[in-house]
1. In what order do Arg16, Arg31 fall by count of nearby beta-carbon atoms within 10 Å, going from fewest to most?
2. Determine the calculated [θ] at 222 nm for the chain from helices alone, applying -39500 (n - 2.57) to every DSSP H run no shorter than 4 residues and normalising by the residue count; nearest 500 deg cm²/dmol.
3. If I take the Cα coordinates of the chain and project them onto the principal axes, what are the three extents in Å, biggest first?
4. Given H placed 1.01 Å from N in the peptide plane, which residues other than close sequence neighbours of Val24 have an amide H under 5 Å from its amide H?
5. For the range 10-65, which GluC sites (Glu not before Pro) pass both filters: DSSP loop (anything but H, G, I, E, B) and at most 14 other C-beta atoms within 10 Å?
Amino acid sequence: MNKAKLPTHVEIDARRYHIVKNSVVLLEQIRTIDKQRLRDLVCHLDEEIMNKVDEAIRISFELHT
């Protein structure tokens, strides 16, 4: 996969997370939605990927730690 080109993109490997296809979390496109709009659980992300997501959020919102 070659879509994760920006520091606000996090690649999700389909084989590792048992999902249909490789994916990219796009954290420059963060939106708030109502919980009731969520339908199906896709997968659980482990701490390693969530740390990457957290870092991408910090970059997206220009938060400095």
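Coordinate-derived values only; no laboratory data. Just so you know, these numbers come straight off a predicted model, no measurement behind them. With ideal geometry, Cβ positions are generated from the backbone for all residues, glycine too; neighbour counts draw on all protein chains shown.
1. Working: Arg16 13, Arg31 4.
So the ranking, lowest neighbour count to highest, is Arg31, Arg16.
2. On the way: 2 runs with 18 residues, N = 65.
That calculation yields -8000 deg cm²/dmol at 222 nm.
3. So the three principal-axis extents are 34, 31, 21 Å.
4. Excluding prolines and chain starts, which carry no amide H, the hits are Ile12.
5. Working: sites: Glu11, Glu28, Glu47, Glu48, Glu55, Glu62; in loops: Glu28, Glu62.
Answer in residue order: Glu28, Glu62.
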